[in-house]
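Structure first, then comments.
Rule-based calculations on the coordinates, nothing more; no lab input. Owing to the predicted nature of the structure, the values given are computational and were not obtained by experimental measurement. Positions of Cβ are backbone-derived with ideal geometry, glycine not excepted, and every protein chain shown enters the neighbour counts.
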Amino acid sequence: MISAAPVVSQWKTPWRSAAWLTAMASGEANEPVVIFPRQIAPQIYDTVLALCRDAGFSVKIAMEAYPAQSIIALVACGVGLGFIASENQRLTRDGVVYRPITAPGPHLDVGVAYHTDGIAPASQAFLAAARRAGRAMR
């Protein structure tokens, strides 16, 4: 998980859990947040809000938007900070900087559903790769 911030934001350095989370908890950095709608990814949405709550603050949601390009555009317009998946930082936009969040990030369990009869060779290869990746992440 990464955050997108307006260039004019006070947060010019990577957001370390000790500094940023403490500032948010104290109300010192009470910036509104742009986040994806819960129905897009309920587990991640709930986890992000729970991590913030566990750090001592509640997120002030300014707006929900989807896809990531919309969140980034709203950040560029100054609506608030954005929470997006880290791979979206490749979507550059004037007026937006990306900052890693080094606090514990959300964890998501992923499964694969497939029909056991007559599985195609490409699907078998995908399942084997997914199993290897899953074992490597444990």
> How do THR116, THR92 rank when sorted from fewest to most other Cβ atoms within 10 Å of their own Cβ?
Replying inline: THR116, THR92
>> What distance in nm separates the two pseudo spin-label positions at LEU127 and SER70, each 7 Å out from Cα along the beta-carbon direction?
In response: 3.6
> Taking a spot 7 Å from the Cα of ARG38 along the direction of its beta carbon, which residues of the stretch 54-88 have an amide N less than 12 Å from it?
Replying inline: none
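Calculate, in nm to one decimal, what THR92 and ILE119 gain on full extension: separation in residues at 0.36 nm each, minus their alpha carbon distance. Provide the component values of the computation, followed by the final result.
Details: separation 27, 0.36 × 27 = 9.72 nm, distance 4.02 nm.
In short, 5.7 nm is gained.
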